[in-house]
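Working notes, beginning with the structure itself.
The values are calculated or read from the model by the stated rules, or taken from the named source; none is laboratory data. Nothing here was measured: the structure is a model prediction, and the numbers come from that model. Positions of Cβ are backbone-derived with ideal geometry, glycine not excepted, and every protein chain shown enters the neighbour counts. What goes into the accessible areas is simple: the full protein's heavy atoms, side chains included, and nothing from ligands, DNA or RNA. Shrake-Rupley method; radii C 1.70, N 1.55, O 1.52, S 1.80 Å.
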Amino acid sequence: MTTLNVDLDERSYPIYIDSGLLEDSSLFVRHIRSKRVCIVSNDLVAPLYLNTLKAQLSDFDVDEVILADGEAQKNLANFDLIMSHLLAGSHGRDTTLIALGGGVIGDITGFAAACYQRGIDFIQVPTTVLSQVDSSVGGKTAVNHPLGKNMIGAFYQPKAVIIDIDSLKTLPLREFNAGMAEVIKYGILGDGEFFSWLENNIDAIKKSEKTVLTKMIETCCQCKADIVTADEKEGGVRALLNLGHTFGHAIEAELGYGKWLHGEAVATGMVLAAKLAVTMNLLEVSDLRRIEALIEAFSLPLESPEEMSFDAFMSHMSRDKKNLAGKLRFIVPTAIGKSEIRDDVTEDMLQQIL
């Protein structure tokens with residue numbers, strides 16, 4: 001088993017990566033401090049893994065909240081549903097929440113944990129590529145609003161992240177590919193060698209070879225852990241993790257959450273960010289072509305939705321959380337493995353690429 005650590009003083013926690021971890025009761029027991037546990041999952045993941053997880057918690061008082069599947073479910077109504085369940089069940093401050101699912105479940109469960117009685121423990125058990133390599137690590141928790149993605153939330157760290165690679169065996173291909181957008185992101189923004197490794201291992205990744213998936217997930221988690229340790233609440237370098245997300249979040253909000261998967265929107269967003277960098281003479285066209293080729297290798301979209309207007313992009317991007325003093329800020333790659341934050345992007349530049 002691979003064990004990484006997110007070093008945040010008293011909020012530090014481990015990330016465990018291996019096969020079969022959903023059947024390792026010792027991992028869960030060491031991070032639960034009372035007998036009360038509530039598992040939050042969805043109606044696709046729960047039939048596959050809920051009973052396996054509950055079997056590891058046979059000595060605990062366990063109940064569950066099962067949400068519908070999909071990005072559209074990451075909303076205040078379901079946040080209220082979790083709160084009401086906890087209150088009706090007389091859960092206390094010593095209850096531990098367990099998020100069993102993908103990024104939606106992890107985000108909304110983490111936000112519920114941050115808010116219930118001003119903060120209770122939670123454990124991330126991510127079951128998708130996207131959540132295993134990105135969203136389960138770092139303590140960003142939130143729900144969506146019709147006017148913007150992840151606009152209502154909190155920075156709140158889990159007690160542990162338990163990544164069972166075997167859970168990817170039941171992941172639909174479209175979801176697997178969407179998660180690869182976040183994997184590719186790490187190579188573009190700060191690790192050129194990892195980007196080249198991905199280029200050389202496309203077939204092995206598609207075949208879900210265990211050693212390759214383990215290395216891929218470990219590399220992404222280590223990169224994110226290092227960045228979060230340096231900048232927990234996104235005051236500086238952590239903003240680089242939003243590469244492609246300014247454009248991507250605009251697409252999701254405009255089309256309606258779930259029409260495009262988050263990773264699909266981020267993939268297009270990274271291509272747009274790279275095109276913007278070329279327009280600003282910050283990135284070589286040859287690097288743009290490599291980015292496009294790797295994204296396309298996993299059947300991810302390269303073009304923004306035809307039905308989405310320039311004005312729609314601008315309207316959503318004007319509410320982006322990275323903006324400061326009324327200025328739009330974008331993460332742009334300056335080479336494969338390097339990126340930076342820019343606030344000198346003009347409307348003319350955006351019109352060229354959109």
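Some points to look at:
- Backbone N within segment 312-346 under 18 Å of label point (7 Å from Asn281 Cα along the Cβ vector): 333-335, 342-346
- In the chain, helical runs assigned H by DSSP with n ≥ 4 each contribute -39500 (n - 2.57); averaged across all residues and rounded to the nearest 500, the mean residue ellipticity at 222 nm is -13000 deg cm²/dmol.
- Simple label model, 7 Å out from Cα along Cβ direction - Lys327 to Asp43, nm: 4.8
- Per-atom-type breakdown for segment 36-173 gives carbon and sulfur 54% of the accessible area (1.4 Å probe, protein chains only).
- For segment 255-354, taking the reciprocal of the average inverse distance between every pair of different Cα atoms yields a Kirkwood hydrodynamic radius of 14.2 Å.
- Distribution of pairwise C-alpha distances over segment 45-117, 10 Å bins, in %: 18, 53, 28, 1
- Listed residue pairs exceeding 22 Å between alpha carbons, taken from Lys35/Lys74; Lys185/Lys321; Lys275/Lys327; Lys185/Lys215; Lys206/Lys338: Lys35/Lys74; Lys206/Lys338
- Rounded to 5, percent antiparallel among DSSP beta bridges of the chain: 40
- Taking only the alpha carbons of the chain, we obtain Rg and Dmax values of 19.6, 62 Å in that order.
- Fully extending the segment from Thr52 to Glu347, taken as 0.36 nm per residue of separation minus the present Cα-Cα distance, adds 101.0 nm.
- For segment 83-159, accessible area per residue (1.4 Å probe, heavy atoms of protein chains only), Å²: 29
- Protection proxy ranking of 127-134, 24-31, by the mean of other Cβ atoms within 10 Å over each peptide's residues and highest first, is 127-134, 24-31.
- The protection proxy used here, the mean number of other Cβ atoms lying within 10 Å of each residue, ranks peptides 73-80, 169-176 as follows, highest first: 73-80, 169-176.
- The coefficient of translational diffusion for segment 203-275, derived via Stokes-Einstein from the alpha carbon Kirkwood radius under 10 °C and 1.306 mPa s, stands at 113 µm²/s.
- Helix 245-255 vs. the chain, principal-axis angle (Cα, 0 to 90°, nearest 10): 80
- Protein accessible area in segment 241-327, 1.4 Å probe - carbon and sulfur %: 48
- Degrees between helix 46-55 axis and first principal axis of the chain (Cα, 0 to 90, nearest 10): 40
- Inter-label distance, nm, simple model (7 Å from Cα along the C-beta direction), Asp9/Asp61: 3.4
- For segment 1-158: rounded, prolate or oblate by the Cα gyration tensor [a/c cutoff 1.5]: rounded
- Between helix 103-115 and the chain there is an angle of about 60 degrees, using the helix long axis and the longest principal axis of the Cα atoms.
- Normalising the average separation of contacting C-alpha pairs (under 8 angstrom, six or more residues apart) by the number of residues puts the relative contact order of segment 87-180 at 28 percent.
- Cα-projected label distance for Phe155 with Trp197, points at 7 Å along beta-carbon direction, nm: 2.8
- Principal axis box of segment 143-295, alpha-carbon based, largest edge first, Å: 42, 40, 34
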